[in-house]
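The values are calculated or read from the model by the stated rules, or taken from the named source; none is laboratory data. The model shown is predicted, which means the values in this text are computed figures rather than measured ones. Reconstructed Cβ throughout: ideal geometry from the backbone, glycine too, with neighbour counts over all protein chains shown. Protein only, heavy atoms only, side chains kept; ligands, DNA and RNA dropped before computing areas. Shrake-Rupley method; radii C 1.70, N 1.55, O 1.52, S 1.80 Å.
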Amino acid sequence: MCIRDRDKGLCPYFLARHMMARANIVVYNYQYLLDPKIANLISKELVDDSVVVFDEAHNIDNVCIEVMTVAVNQDTLNKASSNLSKLATEVDKAKANDEQRLRDEFQTLLRGLSSGGNPTDAGVFANPVLPPDLLSEAIPGNIKKAQNFISVMRRVVHHLKDRMQVVSHQQETPLDFRHKLYKETGGAVGGVDARTLKFCSSLLGTLFRTLEVANIDEFTPIQLVADLATLVGTYTDGFVVIMEPIDERYPNVRNPVLQLCCNDAALAMKPVLEKFRSVIITSGTLSPLTFYEKILGIRPVVSKSLPMSLSRNCIHPVIITRGSDQVAISTKYEVRSDAAVVNNYAHLVIELSSVVPDGMVCFFTSYRYMEEIIAEWHKAKLLEKICANKILFIETADMLETSLALQNYRRACDSGRGAIFFSVARGKVAEGIDFDRHYGRCVVMLGVPYQYTESNVLKARLAYMRETHNISEGDFLTFDAIRQASQCLGRVVRSKADYGIMVLADQRYSRSDKRDKLPKWVQDAMEQSDLSLNASSDEALVITKKFLRDMAQPLKKEDQLGVSLWGPDHLLAHQGKRQKTTVEGAQPEEIM
């Protein structure tokens, strides 16, 4: 479509936006609906009667948090200063050519903004948040002129630069941050107050349109600063300002970062729930449901967990708590580097790779832990034994390398040689790659994939949920880890004719607080016996052999009819049953 539209002189992007108003079904990612900056441009014309379906929504709270969070570093602020200088130059040029036209157009757009219009509708820039009460407020007089607005933004950028000269972690509420900004930019004499901050993003978009800025990407740094100013000026609760001297991703390099962190996922969900009458949130790993109700701020009309309709037990989850030497296995920080644990994990992978045909996937808790384990296995020459059974491929942080590894992994499975793929929970592979059919006959989750608990951003969110939703740190961290593990397990079964064995290799999975948070379809498939809930690696090997032998038998279509497959007769019978139930449950006047 892109090539055909380009030949006709049409923009595929704006053509797709135009077609949305006439389409019956629109498919796009969460950001187009949850991110206010995008939703105000793309999704505002969707009718209220639209049925919104969030599929694969197990991480929807994280998406809500991300779209409402803004982070800037020193480089961002330096570029923002350059952006403001360029805008000031463009304003001077416009004044020299036609000052009256510039003043009239800017004031016209401001009047449209004050009346609730969207002055940037045709553009690519929108307010990061547009609550109804903000639309009714009058724009402060100190920023009604383009030059004055640029001057205010310069003071905001300068203040942010000063605040980033930190030598240790600092944390403030938006209210404290606004007070310091107001005081240090002049206080009662020209200080930048909350009312001024609220309109920074909208006014910047108005200035872009007035000056007819074409290369909008060049001004991304100042857009980030304006978004931060608008959010910090609008919200008091649900946010926290965090300043750190280093980036957590590069702890040995000084790179100050200032983040306005959103802790309340309900802020992004609220406009969607208020606008649309029918919102469906669904996922195969949406468990437990009560957690999502709290953190998303929703009161579901219907909340239901559906079982899987299978003609045979095509999945077999097994919890392995100890190795063949009866030493408990776990990725807990205290024991994860223990030689016995490292060796037991290696022998588990070796033994499984020797009996599982075709493809096998192993998930580690983090890139760092995977690198440490692989290095230890290489020193002990255990990696050679794994490679003797299957060709080994490893996920890396580089997407190009990982894509190439996945391509060759599939080729190895197709050739009959078999392959094993080492991946990371929370990585790209764990979230978006299917290992269906012979590409994934076994998935192994080595450890419990907890988040990095020393992150100050995570600590702030945990504190907010404890105070607001009465959710303890341990409960949320366990909930988050189990949903990530469940997502990894689901990679290997993608159809009703598919099958695979799922291994949870950590003694902590045998505890009820972990096991009960697994999806219902995993719990239903898990045999309630010591052999499946508390197995050693030797016992798991026996279970695996038997399961794969049973699954290797031919699957007849006749066995699936009426269970996992329906024919015309089954559909008619189901419709008759529903009609009968409806009539019996109706009131007399309804029947008449």
Among (1) under 29 Å from E334 (Cα atoms); (2) under 30 Å from the mean Cα position of the chain (by Cα), there is one condition T402 misses while meeting the rest; what is its number?
(1)
Quick one: I246 ticks every box in (1) of a type in the set (V, I, T); (2) under 30 Å from I150 (Cβ atoms); (3) modelled with pLDDT under 85 except a single one, so which number is it?
(2)
Between residues in the range 549-578 that are touching a residue at least 12 places away in the same chain (Cβ under 8 Å) and residues that are of a type in the set (D, E, K, R) and in a helix (DSSP H, G or I), which pairs lie under 8 Å by C-beta distance while being six or more apart or on different chains?
L565/K557
Among (1) touching a Leu at 6+ places or on another chain (Cβ under 6 Å); (2) over 30 Å from M502 (Cα atoms); (3) crowded, with 20+ Cβ neighbours inside 10 Å, V240 falls short only on (1)
Subset of the range 209-218 (residues that are open to solvent by 10 Å² or more (accessible area, probe 1.4 Å) and in contact with a helix residue (DSSP H, G or I) (Cβ under 8 Å, 6 or more places away or on another chain))
R209, L211, V213, I216, E218
If we ask which residues in the range 342-377 are surrounded by 19 or more Cβ atoms within 10 Å (Cβ to Cβ), assigned to a helix (DSSP H, G or I) and touching a strand residue (DSSP E or B) at 6+ places or on another chain (Cβ under 8 Å), their number turns out to be 8
Going by what's in this entry, would T173 be described as of a type outside the set (A, V, I, L, M) and within 24 Å of S85 (Cα to Cα)?
no
Note: among A481, A388, A430, just one is of a type in the set (A, V, I, L, M) and over 30 Å from D513 (Cβ atoms), namely A388
Given (1) under 17 Å from E293 (Cα atoms); (2) open to solvent by 60 Å² or more (accessible area, probe 1.4 Å); (3) in contact (Cβ under 8 Å) with a residue 60 or more places away in the chain, identify the lone condition not met by M269.
(2)
If you take the residues of the range 189-208 that are modelled with pLDDT under 85 and surrounded by fewer than 18 Cβ atoms within 10 Å (Cβ to Cβ), which of them is farthest from A146 (Cα to Cα)?
V189
Exactly one of these conditions fails for N344: (1) closer than 27 Å to R410 by Cβ; (2) modelled with pLDDT of 95 or more; (3) polar (S, T, N, Q). Give me its number.
(1)
Would you please list the contacts, defined by Cβ atoms under 9 Å and residues six or more apart or on different chains, that run from a residue in the range 209-227 that is at pLDDT below 85 to a residue that is open to solvent by 30 Å² or more (accessible area, probe 1.4 Å) and in a loop (DSSP other than H, G, I, E, B)?
R209/A122
Hey, does the range 362-374 have a residue that's in contact with a Phe, Trp or Tyr (Cβ under 9 Å, 6 or more places away or on another chain), touching a residue at least 12 places away in the same chain (Cβ under 8 Å), over 17 Å from Y450 (Cα atoms) and aromatic (F, W, Y)?
no
Hey, could you check the range 441-457 for residues that are within 20 Å of the chain's Cα centre (by Cα) and of a type in the set (A, V, I, L, M) and say which is modelled with the lowest pLDDT?
V457
Out of the residues in the range 485-496 meeting the condition of being surrounded by fewer than 21 Cβ atoms within 10 Å (Cβ to Cβ) and in contact (Cβ under 8 Å) with a residue 60 or more places away in the chain, tell me which one is farthest from T285 (Cα to Cα).
K496
Scan the range 331-341 residue by residue and report those that are buried (at least 20 other Cβ atoms within 10 Å of the Cβ) and in contact (Cβ under 8 Å) with a residue 24 or more places away in the chain.
T331
Residues in the range 509-542 that are in contact with a helix residue (DSSP H, G or I) (Cβ under 9 Å, 6 or more places away or on another chain), open to solvent by less than 20 Å² (accessible area, probe 1.4 Å) and either without any contact (Cβ under 8 Å) to a residue 24 or more places away in the chain or not in a loop (DSSP other than H, G, I, E, B) (or both) total 7
Out of everything in the range 168-180 that is farther than 20 Å from P245 by Cβ, assigned to a helix (DSSP H, G or I) and touching a residue at least 40 places away in the same chain (Cβ under 8 Å), what residue ends up being least open to solvent (accessible area, probe 1.4 Å)?
P174
Look at T206 and say whether it is of a type in the set (V, I, T), more than 17 Å from L160 (Cα to Cα) and part of a helix (DSSP H, G or I).
yes
Filtering the range 272-321 down to residues that are among the polar types (S, T, N, Q) and either open to solvent by less than 70 Å² (accessible area, probe 1.4 Å) or under 30 Å from D436 (Cβ atoms) (or both) yields S278, T282, S283, T285, S287, S303, S305, S309, S311, N313, T321
Filtering helices (runs of 4 or more DSSP H) wholly in the range 31-83 for at least 1 residues that are at pLDDT below 90 gives 31-34, 36-42
